Amino acid sequence: MGIYNYGLGTDPHPITKHAGQTILGHEFSGTIVEVGAKVGKFKTGDHICVEPLIYCGTCPACTHGFFNQCHSVGFIGINRHGGFAQYVAVDENMLHKLPDNVTFEEGALVEPTAVSFYSVRESKLKAGDFVVIYGAGPIGLLTLLCVKAAGAAKIVLVDFSEERCITPQELGASLVVKGDAEDLVQQILAFTNGGADVVFDCAGVQSTVSNALYTTKMGAQIMLLATFKKPIEIDSNMVMFKALQLTSTLAYLHVFPTVIELIAAGRLDVSTVITSKIELNDIVDKGFETLINDIKQAKVLVKP
Ligand SMILES: [Zn+2]
């Protein structure tokens, strides 16, 4: 949505050399209709989803294995033509096969689920922990599903919209608190018996991180997985006095196969975050504009 709202830079991407108009869409699945001569692992007819990460393989981040932190990181659908089309060409090493019982809809949700899953996996969350998630957009809701699958005992979701199509309680939230509630901190402290073990920030604004400092236990972890539009201020003394761990994850690394397995096994019911399904021709009116104007929506699925 950020790209639709704010546009892309005009400089060619250092790896793809792509610039100018771009077919968007970095969360997608489909059927292989043609393979190149050197493709060995996949064949025509395979159902696949795409891991759209583009990286150089040679920078300091890549040589240390942090491909998601590549100094030239890019994505199909942002820095190269993407999935909002009937056909798209992708590299073989970006593909993941979908088992027969995983639908294309679920396949299209592997990418955003991977963002949440990687963050939960990298966090210090343990079974039985109390968790607070700030932000109930798609990533917040998918983080809720991952946190539930990881065995959190109580999950508080802080939601900033008046109403939405999805009831977070149905997805596993133990308590939903309005983001602008005056007693937000008191509500969370009372419900979690003194604060969360782990907080996931899926909102990326000043108030959520400020509130996160007050809604954690001693020694808790605050995991940032939203990106911030502008730098924020953090009370660093509070981080020290509460022995907090402030950390973050960016995108994902080596988790697509596990996410697909968990979906196939029925352990991550990702289709629950889909709030509407539309045709590709309607993507502007019923897709982007609806997401901007209708805060009830979470994930809108597009059928090419
Ligand atoms: Zn690199």
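If the cut-off is 29 Å between C-alpha atoms, which lysines fall inside it for LYS124, apart from same-chain ones fewer than 8 positions away?
The reachable lysines, counting only those whose Cα sits under 29 Å from LYS124, are LYS148, LYS154, LYS178, LYS217, LYS229, LYS230, LYS242, LYS299.
With Kirkwood's inverse mean 1/r over C-alpha pairs for Rh, give me the Rg to Rh ratio of the chain, two decimals please.
Values: Rg = 19.6 Å, Rh = 20.3 Å.
Value, to two decimals: 0.97.
Divide the volume of the convex hull of the Cα atoms of the stretch 114-248 by its number of residues and quote the answer in cubic angstrom per residue. Write out the running numbers ahead of the final one.
Details: hull volume 13.2 nm³, N = 135.
Taking the convex hull of the Cα positions in the stretch 114-248, it is 98 Å³ per residue.
Normalising by the residue count of the chain, find the relative contact order in percent from Cα pairs under 8 Å and 6+ residues apart. List each step's numbers first, then the result.
Values: 579 pairs, mean separation 51.0, N = 304.
RCO, the chain: 17 percent.
For the chain, which longest stretch is free of loop sites, where a loop site is one of the GluC sites (Glu not before Pro) that DSSP puts outside H, G, I, E and B and that has at most 13 other Cβ atoms within 10 Å? Walk me through the numbers on the way to the answer.
On the way: sites that count: GLU34, GLU162, GLU163, GLU182, GLU233.
Answer from the scan: 35-161.
Quick check on packing: order 190-200, 128-138 by the mean number of other C-beta atoms within 10 Å, highest mean leading. Don't skip to the answer; put the middle values down first.
Working: 190-200: 20.9, 128-138: 24.7.
Those peptides, ordered most packed to least, come out 128-138, 190-200.
Quick note: the coordinates plus some simple rules give every number you see, no bench work behind them. Bear in mind the structure is a predicted one, so any value in this text is a computation, not a measurement. As a convention, Cβ positions derive from the backbone with ideal geometry for all residues, glycine included, and neighbour counts pool all protein chains shown.
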